[in-house]
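The values are calculated or read from the model by the stated rules, or taken from the named source; none is laboratory data. Note that this is a predicted model, so its numbers are computed, not measured. Backbone-built Cβ (ideal geometry, glycine too); neighbour counts: all protein chains shown. Remember, those area values only see protein heavy atoms, side chains included, never the ligands or the DNA or RNA. Shrake-Rupley method; radii C 1.70, N 1.55, O 1.52, S 1.80 Å.
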Amino acid sequence: MFAAIVGSNIQKIVGADQDVIGFDPRGIHATTPRADCYSFPDDSSSDPPSYDEEDYVRGDYHRFLWANSGREIGIVNSSSVALQKLDIRARAVTSLCQTKDELYGDDSILKYVNTPNVARDMLSIIDAWDEWTSTLNEKSEDLDVLVEIEDERSSVFNDDYSVLDTKGKLVFWGFSYGVSSNSQACY
């Protein structure tokens, strides 16, 4: 959703010739199964439990309470004790996630929510995107659309600029919408 809303503004920064793609990493926001360390199945759930049996309303409430209870700490360098308090809170959430991971055992989604898997997902998105865009070049009915796009893109650049070839490459500018962070990363 974020890319759909701000994609055209991002293209003004990175160039109209660059495609902007949005996705949620594994376990985040609208992905399924949902990786949520705050939601647990109730006591009457099956053994092993199912993600469908989790009480997400209660989990969202617990997440809200947890986030709200840490507001007075501030950011890392806002006080002489902020880093220590944030570290303690991070360890508490880690412990909560570990408990949830142990509850689901081999069926836990949490073992797949990590940087290497997300990086592989991103590369598969690039491969799929490149494959899809190459099929557009092969379809004669889409050729007129591609010519219009290329004409529009080339009019944005003058002779002093070269177009960045990103085919098969991952160029990443990430935005976080997390509760405890307001960050962006560019790789």
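Tabulated data
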quantity	calculated
Summed side-chain charge close to residue 89 - residues other than residue 89 whose Cβ falls under 15 Å, Lys, Arg +1, Asp, Glu -1	+2
Apportionment of accessible area to carbon and sulfur, region 50-99, percent (1.4 Å)	58
Anisotropy class of region 1-88 from Cα gyration tensor, a/c 1.5 cut	oblate
Residue-by-residue Karplus 3J(HN,Hα) for region 118-131, coefficients 6.51, -1.76, 1.60, Hz, glycine and proline x	5, 4, 5, 4, 5, 5, 5, 5, 4, 4, 5, 5, 5, 5
Sites residue 127 and residue 79 - FRET efficiency at Förster radius 41 Å, r taken between beta-carbons, to 0.05	0.35
Under Karplus coefficients 6.51, -1.76 and 1.60, residue-wise ³J(HN,Hα) of region 55-72 in Hz, glycine/proline x	8, 5, 5, 5, x, 5, 5, 4, 4, 4, 4, 5, 5, 5, 5, x, 4, 6
Per-residue ³J(HN,Hα) for region 80-85, Karplus 6.51 cos²θ - 1.76 cosθ + 1.60, θ = phi - 60°, Hz, x for Gly and Pro	6, 10, 4, 4, 4, 5
